[in-house]
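A.B. asks: Below: one structure in structure tokens.
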Amino acid sequence: INYFLVILLFIKYMFKEIADLLATIRSEYEKNRFVFIEGTKMKEILRFFGASEADLFLIEQSGNSLSDDPTLPFRKSSNGRFLIDLANNKASRLKFQSFILSEEEGFKREDADKYRNFRGIQDTVQNNTAFQALIKFQAYMFNGMKIKNLPNLEESNEKWVSTVFQLRTITTPEFIGEPAKEGVHHDGVEHIMTTLLYTKNISSDSAVSQVHSTNQETGARWDMVTPEFVIGRSQHKNFLDTLLIVDSELKHSVSPVNAFNPEKEAFRDIVLFCTRRPKSESHKSYGLDSLEPHDELPTTFLL
């Protein structure tokens, strides 16, 4: 009996410790509209949300199976759309749709306003408990949070669409990989979350993320921004380092990936969650926002 009592007390203590950590992070996110979480803390959080040790290892290595990006030669990528259904406490994979992000939505690049078709995220990732825990964590962070709502989206806060990108940005002796070649930008959504999975041969000054007020000009290079408009700076260095930003209220930029040994390839693997309410019929790309399940790679899991 004493043995089981000790176990129960330990579980209660651990639950309270994680609950307090989550509450602190959520409070900072609500206050500042962005928050950075170190990977060691994220690992405990993801375990709390159901990530297994085996799946944490597998998600860290999952960038090795990415495909060539449709428009950027220094990047490999995959993509998937997920419905976060808060009313029914579940998430599910949505059908494939072409992706488009416009200059009107705060994105200036040569492939803005163009349809892009990414290779789909596969079962090995979407059914990974660590990947699912990341979605659960982001849902916890934005659920019930009052933000500046983007126009031309559904008014309900019950259903959210999270477009997830797995990205490897590569630098070689021939070219420099840029995680945000577009400079200062919005991602056209209401919340974004970036989590580092793996790096190889990158220098200590690589891929610094800056958070900007909306006064900063869209498209400005990361090193040509106005200092007084920079309201936050962080750097993904370790496995599961995570940054959340209210994308409808703030802009962001990321510096290039630089090689520690310039004679060898360097790369940086992240997973990016771009989350918003479903598009209304007044949105110009409403037809690319189906809430139907994926017909070849369906999956559903509880939040």
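The values are calculated or read from the model by the stated rules, or taken from the named source; none is laboratory data. Remember, predicted model here, so these are calculated numbers, not experimental data. We place every Cβ from the backbone using ideal geometry, glycine too, and count neighbours over all the protein chains shown. Side chains are part of the model used for accessible areas, which takes the heavy atoms of the whole protein and leaves out ligands, DNA and RNA. Shrake-Rupley method; radii C 1.70, N 1.55, O 1.52, S 1.80 Å.
A.B. asks: Excluding same-chain residues fewer than 8 positions from Lys114, which aspartates and glutamates have a Cα within less than 16 Å of its Cα?
C.D. replies: List returned: Asp69, Glu103, Glu104, Glu105, Glu182, Asp187, Asp289.
A.B. asks: Taking H placed 1.01 Å from N in the peptide plane, check which residues at least 5 places from Ser102 or on another chain put their amide H under 5 Å from its amide H.
C.D. replies: Close amide H contacts, sequence-distant or interchain: Asp113.
A.B. asks: Please state the charge dipole magnitude for the range 9-62, taken about the Cα centre, from unit charges on C-beta atoms (+1 on K and R, -1 on D and E), reported in debye and rounded to the nearest 20.
C.D. replies: In debye, rounded to 20, the range 9-62 gives about 220.
A.B. asks: Follow-up. Pick the calculated volume of the Cα convex hull per residue in Å³ for this structure from [x] 142; [y] 117; [z] 233?
C.D. replies: [x]
A.B. asks: Given a 1.4 angstrom probe, I'd like the percentage of the accessible area of the range 11-93 that is carbon and sulfur, rounded to a whole number.
C.D. replies: 55
A.B. asks: To continue, here is another question. So which DSSP H runs in the chain come out at 27 Å plus along the axis (Cα) with average Kyte-Doolittle of at least 0.0?
C.D. replies: Taking the DSSP H segments of the chain (at least 27 Å long, mean hydropathy at least 0.0), we get 2-32.
A.B. asks: Also, quick follow-up: What does the charge dipole of the chain about its Cα centre add up to, to the nearest 20 debye, if the Cβ of each Lys and Arg holds +1 and the Cβ of each Asp and Glu holds -1? Write out the running numbers ahead of the final one.
C.D. replies: On the way: 36 positive and 42 negative charges, 109 e Å.
Approximately 520 debye in magnitude.
A.B. asks: With every protein chain kept in the model, how would you rank Thr242, Thr124 by accessible area, 1.4 Å probe, largest at the top?
C.D. replies: Solvent-accessible surface, decreasing: Thr124, Thr242.
A.B. asks: Roughly how big is the range 48-195's charge dipole about its Cα centre, with Cβ charges of +1 (Lys, Arg) and -1 (Asp, Glu), in debye to the nearest 20?
C.D. replies: 240
A.B. asks: What part of the accessible area of the range 110-264, given as a whole %, is carbon or sulfur when the probe is 1.4 angstrom?
C.D. replies: Whole-percent figure for carbon plus sulfur exposure: 47.
A.B. asks: Counting only other residues whose beta carbon sits under 14 Å from that of Glu103, what net charge do I get with K and R as +1, D and E as -1?
C.D. replies: Numbers: positive: Lys108, Arg109, Lys114, Lys251, Lys284; negative: Glu104, Glu105, Glu110, Asp111, Asp113, Glu182, Asp187, Glu217.
The answer is -3.
A.B. asks: Ok, one more. Using only the heavy atoms of the protein chains and a 1.4 Å probe, how would Trp222, Trp160 rank by accessible area, largest first? Could the numbers behind the result be given before it?
C.D. replies: Working: Trp222 85, Trp160 10 Å².
Highest to lowest solvent-accessible surface, that is Trp222, Trp160.
A.B. asks: Further question: Taking square-rooted eigenvalues a ≥ b ≥ c of the alpha carbon gyration tensor, is the range 1-144 rounded, prolate or oblate, where a/c under 1.5 means rounded and, failing that, a/b exceeding b/c means prolate?
C.D. replies: Because a/c hits 1.5 or more and a/b exceeds b/c, the range 1-144 counts as prolate.
A.B. asks: What is the distance in Å between the Cα centres of the range 76-92 and the range 226-256?
C.D. replies: With the range 76-92 and the range 226-256 each reduced to a Cα centre, they are spaced 23 Å.
A.B. asks: Under 8 Å for C-alpha pairs, at least 6 residues apart: give me the relative contact order for the range 191-238, rounded to a whole percent.
C.D. replies: Answer for the range 191-238 is 49 percent.
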